[in-house]
1. Eight or more residues apart or on different chains, and alpha-carbon atoms under 18 Å: count the Lys pairs in the chain matching that.
2. Let me spell out the model: positive unit charges on the Cβ of Lys and Arg, negative unit charges on the Cβ of Asp and Glu, origin at the Cα centre of the chain. What dipole size does that give, in debye rounded to 20?
3. If R₀ is 25 angstrom, what is the calculated FRET efficiency for the pair Ala101 and Gln40, using the beta carbon separation as r and rounding to 0.05?
4. Restricting attention to the alpha-carbon atoms of region 107-173, what are Rg (one decimal) and Dmax (integer), both in Å?
5. How much accessible area does Arg36 have with a 1.4 Å probe, in Å² rounded to the nearest 10?
6. In what order, largest first, do Ile22, Ile150, Ile4 sit by accessible area if the probe radius is 1.4 Å?
7. Given Cα positions, please report Rg to Rh for region 159-283, the hydrodynamic radius being the Kirkwood one.
8. Got a number for carbon plus sulfur as a percent of the chain's accessible area, 1.4 Å probe?
Amino acid sequence: MTTITQDTFLMCAPEHFEVAYIINPWMEGNVAHGDRLTAQGQWQELVHALRSVARVDCMPSAAGVPDMVFTANGGLVLDDKVILSAFKHVERQAEEAHFAAWFAARGLQVLRMPAGLPFEGAGDALLDRGSELLWLGHGHRSDIGCAAVIADMLEIEVQPLKLADPRFYHLDTCFCPLQGGYLLYYPSAFDAAAQERIAARVPAHKRYAVTQQDALSFACNAVNSGKHVFLNQASPALCAQLERWGYTVQQIALTEFMKAGGAAKCLTLKMNEPRTLHSGSGH
Ligand code: ARG
């Protein structure tokens, strides 16, 4: 059943998208091997699917910042505030001004990390959907030092999770909190302490460890809106699990974006993150 949600996702069209440099293992061997027309078609499919349940706002694309399609990395939104990303790699740093301008024009209060602390927004900082808690992936892109700064700035508990596999370099490539307090994740992408931290906070019946094959198909890089889940690809077993939890699953091929190391979730930034939704025990 399709239900319309109140969600708004920020996206950025792939007019200038290409694999132009290598800053993660997925990009290796793919420089200049993309097909922009196919990318545009895949992106349109995702927009179309999301628009059947939610609102999609698009920011203008720009030449010279081919990875700006991955709007998840623009910042971390909570209430009317956004913590702007401070990209680790120089190749993406020019995106910061574009995101800052977009957020400010939408009336968000734009906060910045102190100098020297790389932070890659909702690629690494994900709100739990069962309790008022923010998970922060670190070890590849975002600095562990961001945890205390975010906790202070947004007055929220932050749990750091150390990422241990370079293929899963952003938290949203291997960890996906779902409405109601559920969680999809790929345990091997995390160090032992992080795996324990996850198990301590998310009850066993509410978390599902995806297989390596699903993880490598970017199944954890899913967009969740209400009871709808949109992702590149998922095995029958994973789809069945999601359906048992009450979700409808839609698979949309995003192979052109995987050449750059991203898929559905990376291509979106959820703009409505009211704090009240994140408190309580979920439902
Ligand atoms: N090529 C981009 C990078 O390496 C991909 C970003 C994917 N975004 C994400 N939220 N995981 O930065």
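1. 5
2. 520 debye
3. It comes out at approximately 0.55.
4. Final numbers for Rg and Dmax: 11.7, 37 Å.
5. Solvent-accessible area, nearest 10 Å²: 100 Å².
6. Sorted descending by solvent-accessible area, the residues read Ile4, Ile22, Ile150.
7. 0.93
8. 52 percent
The values are calculated or read from the model by the stated rules, or taken from the named source; none is laboratory data. From a predicted model like this one, the values you see are computed outputs, not experimental measurements. Note that we place each Cβ from the backbone using ideal geometry, even for glycine, and neighbour counts take in every protein chain shown. Keep in mind that these areas ignore ligands, DNA and RNA; they rest on the heavy atoms of the full protein, side chains included. Shrake-Rupley method; radii C 1.70, N 1.55, O 1.52, S 1.80 Å.
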